[in-house]
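Okay, structure first, notes after.
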Amino acid sequence: MRLINIGYGNMISDLRLVSVVAPDSAPVKRLIQEAREKGMLIDATYGRRTRSVIIMDSCHVILSAIQPETIASRHEAKMLIVEEDEDGER
């Protein structure tokens, strides 16, 4: 299991990650509200503006204060390290 930093010391498992989206659209706002009502919302923004919404395979919805592109690049960097480890080149 590899962990991805989603800001302010918070980490998520890359194996459980389904998608990272921007919070601007109406469907995403509905998704956030539904998760809040079901108790499946995790707010990791520390009071800052929500810049990305992370959807996990457990139906948890996580709010983060960093850009979706940043989370994606961190995930991609982890994947490259794993590929190097598997090839034995590191």
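The values are calculated or read from the model by the stated rules, or taken from the named source; none is laboratory data. Just so it is clear, the model here is predicted, and its values are computed rather than measured. Ligands, DNA and RNA are stripped out before the accessible areas are found, and what is left, the full protein with its side chains, is counted by its heavy atoms. Shrake-Rupley method; radii C 1.70, N 1.55, O 1.52, S 1.80 Å.
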Could you check segment 1-19 and list, in sequence order, the residues that are open to solvent by 80 Å² or more (accessible area, probe 1.4 Å) and either closer than 16 Å to residue 67 by Cα or at pLDDT 95 or above (or both)?
8, 11, 16, 18
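Looking at 26, 22, which one is open to solvent by 40 Å² or more (accessible area, probe 1.4 Å) and either within 21 Å of residue 76 (Cα to Cα) or among the charged types (D, E, K, R) (or both)?
Values: 26 fails: either within 21 Å of residue 76 (Cα to Cα) or among the charged types (D, E, K, R) (or both).
Result: 22 is the single residue among 26, 22 that is open to solvent by 40 Å² or more (accessible area, probe 1.4 Å) and either within 21 Å of residue 76 (Cα to Cα) or among the charged types (D, E, K, R) (or both).
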